[in-house]
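Inspection log for the structure reproduced underneath, given as structure tokens.
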Amino acid sequence: MAITTHIDRAKDLTTFTATDVLTIEMVMPLVEEFYAGETTKCVLWDLLNVTKNRITLDQAETILYLKQRYAGKKGSGKTAIVAHDDFFYGISRSMAMQSNLQGATYTVLIFNDLNVAYKWLYES
């Protein structure tokens, strides 16, 4: 039950890689720390090795609202969420749609393939 963070300044990319069980208590401190500090333009959430998702839709929306609070500080950017679990994929998709509909300065898209996500992050 862990999330590791890797920052690649040369690529302007922060990667969060989660394994095992995923909870809101694990995610929120990382999201808060990321947006309160020096951010990167590209963010990748690799959830392919999550075996159990314990984040509800309401909790996912809490993450979205936190991101909006820091939107002016972060400026524009892209967040790719990569997941294969149908339930989590659905929650992530809902977050992405809400984020994009609410005029956020960053774009969130959901993928089930890391290579496709990386390619999208660096498209113009």
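The values are calculated or read from the model by the stated rules, or taken from the named source; none is laboratory data. Since this is a predicted model, take the numbers as computed values, not measurements. We place every Cβ from the backbone using ideal geometry, glycine too, and count neighbours over all the protein chains shown.
Of the residues making up region 7-28, those that are over 21 Å from Thr51 (Cβ atoms) and exposed (fewer than 13 other Cβ atoms within 10 Å of the Cβ) are Asp8, Arg9, Ala10. Is it the case that region 36-45 has a residue that's modelled with pLDDT under 90, farther than 16 Å from Tyr122 by Cα and in a helix (DSSP H, G or I)? Yes; the residues of region 36-45 include at least one that is modelled with pLDDT under 90, farther than 16 Å from Tyr122 by Cα and in a helix (DSSP H, G or I). When Glu38 is tested against (1) in contact (Cβ under 8 Å) with a residue 12 or more places away in the chain; (2) out of contact with any Asp or Glu (no Cβ under 7 Å at 6 or more places or on another chain), just one condition goes unmet, and that condition is (1).
Yes or no, residue by residue, for (1) in a helix (DSSP H, G or I); (2) modelled with pLDDT of 80 or more:
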position	(1), (2)
Lys52	no, yes
Glu61	yes, no
Lys67	yes, no
Ile81	no, yes
Phe87	yes, no
Ile91	yes, no
Met97	yes, no
Gly103	no, no
Ile110	no, yes
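For region 3-19, residues that are part of a strand (DSSP E or B) and either in contact (Cβ under 8 Å) with a residue 60 or more places away in the chain or touching a Cys at 6+ places or on another chain (Cβ under 6 Å) (or both) total 1.
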